[in-house]
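The values are calculated or read from the model by the stated rules, or taken from the named source; none is laboratory data. If you're wondering where the values come from, they're calculated on a predicted model, not measured in any experiment. Here Cβ is always computed from backbone atoms with ideal geometry, including for glycine, and neighbour counts include all displayed protein chains.
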Amino acid sequence: MRKRLVIALGGNALGNTPTQQLELVRATASTIVDLVEEGCDVVIGHGNGPQVGMVNLAFEFAANGGGGTPAMPFPECGAMTQGYIGYHLQQAVERELGRRGINKPCAAIVTQVVVDRNDPAFKHPTKPVGMFYTKADAESIAASTGYTFVEDSGRGYRRVVPSPVPAKIVELPIVERLVSMHSVVITVGGGGIPVEELGPGDYRGVAAVIDKDRASAKLALDLKADMLVILTAVEKVAINFNQPNQQDIDKMTVAQARAYIEQGQFAPGSMLPKIESCIDFVEGTRGGTALITSLEKAREALQGRTGTLLVK
């Protein structure tokens, strides 16, 4: 029986520039096609935090620095990054499928995701985007643009935008159709383009970034996937991370995961949203499981030889 997987790609699978990204997605594509060879139908989500900030900054610089170009709204910047990241992934996956003689189509879908304008996230922006600034530069930009900046892990100041909860994936019927044809589908890129629903078929973009793990969990639920796979920088989830008594976790239940969250074991800007997304998926399915591991170990993890498995 074929397994249906939704894979959330972490930032380590993508580069900081288009050229670097073209190189990195080759390894990413190899892992994805490994899973296709395992007999899985694969749907891919990915992040875009650095890329959407880069595109937004470029347009603002051109608009304010004498380039004569208009400033680009944030949702449109999200759509652009979703397009070019999807294009790179699609090319790489198609190339790898062809190299292995696998006759299977691959499609990248520009995807809108509905959010609620009353979501508390709009009052408390938390999602970092773009490059790092000194405190002085961040304050100067904030004064002229109204942007919100926060200090990020001792590395400098970054702009933060709201990160609302995904409520509905607009293009879900198209994705479902492609998956039913056993296509490899790239969708909800960057968490999807955040939009508010004004009426039937009437949507308007909003300035936000949806967490790609939460969007991928929503997609996995809607597609009735067998497994949500979150690929990140570590092979296994750990408690007491980076401490002498660090302990890697092979398997945990939802109840155990919640207990670890209560203990503050998972960093809010790093592992916590991944664990919470896994909990959302596992609790919302009958028999579905979630897996967190590194890109390099994905095939082994799917075979049960590594990674952290979350079960009900």
*asked:* Just to be sure before I move on: is R99 more than 19 Å from the chain's Cα centre (by Cα), loosely packed, with under 15 Cβ neighbours inside 10 Å, modelled with pLDDT of 95 or more and of a type in the set (K, R) in the structure I sent?
replied: yes
_Boolean, Q90 is in a helix (DSSP H, G or I), out of contact with any Pro (no Cβ under 6 Å at 6 or more places or on another chain), more than 23 Å from A207 (Cβ to Cβ) and in contact (Cβ under 8 Å) with a residue 24 or more places away in the chain_ = yes
*Would you mind telling me which numbered condition in (1) surrounded by fewer than 21 Cβ atoms within 10 Å (Cβ to Cβ); (2) under 22 Å from the mean Cα position of the chain (by Cα) I239 fails?*
(2)
*Has the stretch 251-259 got at least one residue that is outside any loop (DSSP other than H, G, I, E, B), over 22 Å from the mean Cα position of the chain (by Cα) and polar (S, T, N, Q)?*
yes
*Filter the stretch 41-54 down to residues that are among the hydrophobic types (A, V, I, L, M, F, W, C) and buried (at least 22 other Cβ atoms within 10 Å of the Cβ) and give me whichever is farthest from K218 (Cα to Cα).*
V52
